[in-house]
């Protein structure tokens, strides 16, 4: 397969190690900064059980990229809102440890100090283009840091599952819905 | 025509239940036997002990949901009926682990496949793991008894098109296939077994052994987490339970103290070893949580010209064991082939990718078949092995380290599944891996699969069969309990669930748990009388 990982020949073991250490340090920084500064609010945004206002710009940039091709441009705003609702509800049922990991992931994505170096998106998510988001996802999928590869897998699962559990999603995939009992 | 909700009817007859989320005060409950977990092992044990005249208390962490609640909606079913709100994964987040968490345990959400423990597996346990007295002949009556109790019979209705792929493909290639026995009575052939049976056709513990236990004066405590066993000397003297909120996420602060003569753990793989670890139960040889196996699963998707509608119809009705023992019991990693049901939310995550690519794949859902391989782990020293650990908050997590031996099994399973799907007439096949798309010929598939970088996260892996972690066996240096489920160190503690198995089973495990625990519970009832 085409090898797009960081494990390319020009990258020495030493520089790989550096990326690894830096990444880990940055992840730690995000958690710590978030805790100390209260920069990522710990209270849910209005109308949500779990999602905080600091999580929303990233998710609003991510979801249309994920649903592209399955949802028309006109339907997209409602689809984003619906997906956020479903996502919020599934987060509200996660075990505390799994929720903690997810919240840390959202912190890393929201805080400028970690977002830039780890995602390659240096401005705010509000201004990120679809290509920026796709680029970031590709980068994480092929990262040398297993935490980022795990983050990539979680984002895909969370969003796709949230959308396709909704009735509005079913026409696209030819699912008539459950039978009547 | 509305389906009567059998459990609700029972409640109006005066069954004794406690909702741990709604306690106003701490509670103390007493019983002859306290059973932690209400799935296959707990339910079976409860029915047998209560029929023998003992007062049984069943303790379940999850909620009580009954047929009226089962709306066949993924959005409701997964977060409410599965462990960790369906967030359970291996420690590295690379393997999704599906286990039930509600009254009835995994039997509430499994796909009803019911196989006896294969003779090769029983023989291997006797030979390699010091398991005594569970050979084919002595197990047969226990399997037969539970098959009758739970209506287990080969599925008599034609398989849905998703399952049919196994028959067509295997027939073409001269591979073995057979009909799956299912534990159903009057099944409507709907296809939503994984979300709770809305017609009470599935003979889960919710509609069989638990009602029988409650009829016999047993009690049920739900939304209560068994937090710690209390130990004095070589005896368990109580269980500290935490009332859980209605979503089963956080403790409410109310406690339930349970006292009994004998204690049976039946929380399943991961949770039972987790409770032992949390309770610091004596474990001189560090065996608790070791040798946990998953029937690690990989998947292959195929698109067909004809309509498959893989979301409808009995989810699993055909299987192939052609490769299960192809290199003996302890050779290369082998597998059983089956299919999963494909409702859209779970399927969207399985099919991988996002945006247009995922949309194209999802658009073809009505024409899509997915096959899965259950890798028979635990029989070879080089096989991946899971180990249960505790996280910071005391909750258990499974560290499952992949090995080259195991990846080799994954690759061969990808090859075999693609071969069968093409033989069945698929126009395109896709191994479920981040670097794979649909390919049009068997030759292309072979080339693709042989080169795939089989790595964590790139390969989509799952498990619905956690087994082991509290292995049974006569040697205390190797096993946590003896062959009758009696704890090697503590007197009045038994384990009756899938965590007993020293290896994986090589078949969907529910009937293995029913058969073994019915035997263990019957013998326990005799010992308690003595």
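Here, each number is a calculation from the coordinates, and none is a lab measurement. No experiment lies behind these values; they were computed from the predicted model shown. For neighbour counting, all protein chains shown are included, and Cβ atoms are generated from backbone atoms with ideal geometry for every residue, glycine included.
Full extension of the chain between residue B:252 and residue B:529 yields a length gain of 95.9 nm, computed as 0.36 nm times the residue separation minus the alpha carbon distance. Against chain B, whose longest principal axis is taken from its Cα atoms, helix B:40-51 shows a tilt of about 40°. Computed on the Cα atoms alone, the convex hull of the stretch B:271-333 gives a volume of 179 cubic angstrom per residue. Using all pairs of distinct alpha-carbon atoms, the Kirkwood hydrodynamic radius of the stretch B:198-249 works out to 13.7 angstrom.
For the stretch B:143-214, the Kirkwood estimate of hydrodynamic radius, built from reciprocal distances between every pair of different alpha carbons, is 13.9 Å. Relative to the dominant Cα principal axis of chain B, helix B:442-451 is inclined by about 60°. Is the stretch A:70-181 rounded, prolate or oblate when judged by the Cα gyration tensor, a ≥ b ≥ c being the square roots of its eigenvalues, rounded requiring a/c under 1.5 and prolate requiring a/b larger than b/c? Verdict is prolate for the stretch A:70-181. Per residue of B:447-459, other chain Cβ atoms within 10 Å of the residue Cβ number 2 on average. Take each residue of peptide A:65-72, count the partner chain Cβ atoms within 10 Å of its Cβ, and average: the result is 5. Quick one: Debye curve from the C-alpha atoms of the protein assembly as shown, no solvent, what's log10 I(q)/I(0) at q = 0.06, 0.11, 0.12 Å⁻¹? Once normalised to I(0) and log-transformed, intensities are -0.33, -1.19, -1.42.
Where both bridge residues fall in the protein assembly as shown, DSSP classifies roughly 65% of the beta bridges as antiparallel. With viscosity 0.692 mPa s and temperature 37 °C, the Kirkwood radius over alpha carbon pairs of the stretch B:445-530 converts through Stokes-Einstein to a diffusion coefficient of 215 µm²/s. The orientation-averaged shadow of the Cα convex hull for chain B, equal to a quarter of the hull surface, comes to 22.9 nm². Sorted largest first, the principal axis extents computed over the alpha-carbon atoms of the stretch B:200-300 equal 45, 45, 28 Å. Pairing the Cα long axis of helix B:161-173 with the longest principal axis of chain B, what angle in degrees results, from 0 to 90 and rounded to the nearest 10? The two axes meet at around 60 degrees. A Förster radius of 25 Å combined with the Cβ-Cβ distance from residue B:235 to residue B:215 puts the calculated FRET efficiency at roughly 0.25. Kirkwood hydrodynamic radius of the stretch B:351-505, from the reciprocal of the average inverse Cα-Cα distance over all distinct pairs: 18.3 Å.
According to the calculation over all Cα-Cα pairs in the stretch B:5-121, the P(r) per 5 Å bin from zero is 2, 9, 14, 20, 20, 16, 10, 6, 2, 0, 0 %.
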